[in-house]
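The values are calculated or read from the model by the stated rules, or taken from the named source; none is laboratory data. Bear in mind the structure is a predicted one, so any value in this text is a computation, not a measurement. With ideal geometry, Cβ positions are generated from the backbone for all residues, glycine too; neighbour counts draw on all protein chains shown.
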Amino acid sequence: MSGLLASLLGAISQGLIWSLMVLGVYITFKLLNIADMTTDGSFALGGCICATLMIAGVDPTVAAIAGAAAGGIAGAVTGILHTFFGIPAILAGILTQISLWSINLRIMSDKSNQSVNKIASDITFWVDRLHLTQSQATLVVGLFVVILAISVLYWFFGTELGSALRATGNNEDMIRALGVNTSFAKLLGLIIANVLVGLSGALICQSTKYADVGMGTGAIVIGLASIVIGEVLFGRVRNFALKLNASVIGCIIYFMIRAIVLRLGMKANDMKLLSALIVAMALCIPVLHAKWKASKEYKEIEEDDPVSDGTPMKGEVD
């Protein structure tokens, strides 16, 4: 039982840090209505930048901020390709993601991974000061950063600029007719989203004590799965702050499910398949439900219509 509790604590702490990435995916996927494929690359970029700077002796907090800024730059590249050059958003994200693989290798001196196991980080600071375990320290740091991120996002999206950004995803033509520069709104949204993704990658690097050029592979799927879980649990919520919290809770639940199924004997390599199935089911079930509902309504109309079954209407001659 103690082993299970330790696994769940680790899952919650990891879920909190990964939820920063989920918030970034929420901004692009739900608010901007853009499938941003930059996520996988910018997540790894944040981790690689953080690891390289920490090895060079840079303060870990500064290294994490630099990782977040690098993620924002990656988002800006995708945004420019999409808005200025007219490249479809999904293709622009793929182009940026592919290029980041080579860039991340260059950042880490052509090494596929780097260890920061013996270097002090923002997480080991709490381990040393308060004599916490690695999972407990990660939980403290993750909780603080997530609360700060949600507070800033809630404030920003309540401003005129933030409201314009949200409206761009809801009805781009209408908001453009009102004089809003939708290209700038998309660009800003992609930058903010990938800042969060890069920060998540940097903190994961500090938590796991290593960075890898492939550490972001499948991040977009984890993000979507977490959002779907959050929507299933809090689908009726209208408050924007609660929607952000729902994504975070969805991410934590995802990692708790992951910890449980791994303890039940499922291979770690199969987790991405499980994530993909969760997202696919969540996207397919509403469509199937809508088709079933439409078919049911059509049959009811057909049964109520006297013409459809050949019954003569009143006054009609056979």
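Taking residues in segment 253-265 that are over 10 Å from residue 14 (Cβ atoms) and of a type in the set (S, T, N, Q), and partners anywhere that are at pLDDT 85 or above and loosely packed, with under 14 Cβ neighbours inside 10 Å, not one pair has Cβ atoms closer than 9 Å while being at least 6 places apart or on different chains. Only residues that are over 17 Å from residue 247 (Cβ atoms), of a type in the set (Ser, Thr, Tyr) and surrounded by fewer than 19 Cβ atoms within 10 Å (Cβ to Cβ) were counted across segment 151-170, and they come to 2. Take the conditions of a type outside the set (A, V, I, L, M, F, W, C) and more than 28 Å from residue 28 (Cβ to Cβ) and apply them to residue 110. Does it pass? Answer is yes for this residue. Evaluated against (1) assigned to a helix (DSSP H, G or I); (2) small (Gly, Ala, Ser); (3) within 29 Å of residue 147 (Cα to Cα); (4) more than 17 Å from the chain's Cα centre (by Cα), residue 57 falls short on exactly one condition, (1).
Is it the case that some residue within segment 269-288 is charged (D, E, K, R), under 30 Å from residue 115 (Cβ atoms) and modelled with pLDDT under 85? Within segment 269-288, one or more residues are charged (D, E, K, R), under 30 Å from residue 115 (Cβ atoms) and modelled with pLDDT under 85.
For beta carbons closer than 7 Å, sequence separation of 6+ or different chains, a first residue in segment 222-242 that is under 20 Å from residue 165 (Cα atoms) and a second that is in a helix (DSSP H, G or I) and of a type in the set (A, V, I, L, M, F, W, C), the qualifying pairs are 227/22; 227/25; 227/29; 241/150. Within segment 12-37, residues that are outside any helix (DSSP H, G or I) sit with their Cβ atoms under 8 Å from residues that are among the hydroxyl-bearing types (Ser, Thr, Tyr) and crowded, with 24+ Cβ neighbours inside 10 Å, at 6+ positions apart or across chains, in these pairs: 32/168; 34/28; 35/28; 36/28; 36/78; 37/96.
Scan segment 83-135 residue by residue and report those that are more than 19 Å from residue 201 (Cβ to Cβ) and in contact with a Lys or Arg (Cβ under 6 Å, 6 or more places away or on another chain). The answer is 83, and nothing else.
State whether one or more residues within segment 291-312 are modelled with pLDDT of 65 or more, among the aromatic types (Phe, Trp, Tyr), exposed (fewer than 11 other Cβ atoms within 10 Å of the Cβ) and within 30 Å of residue 257 (Cβ to Cβ). Yes, some residue in segment 291-312 is modelled with pLDDT of 65 or more, among the aromatic types (Phe, Trp, Tyr), exposed (fewer than 11 other Cβ atoms within 10 Å of the Cβ) and within 30 Å of residue 257 (Cβ to Cβ).
Per-residue answers, yes or no, for (1) aliphatic (A, V, I, L, M); (2) surrounded by fewer than 19 Cβ atoms within 10 Å (Cβ to Cβ); (3) closer than 30 Å to residue 170 by Cα:
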| residue | (1), (2), (3) |
| --- | --- |
| 16 | yes, no, yes |
| 21 | yes, no, yes |
| 34 | yes, no, yes |
| 46 | no, no, yes |
| 69 | yes, yes, yes |
| 85 | no, yes, yes |
| 95 | yes, yes, yes |
| 120 | yes, yes, no |
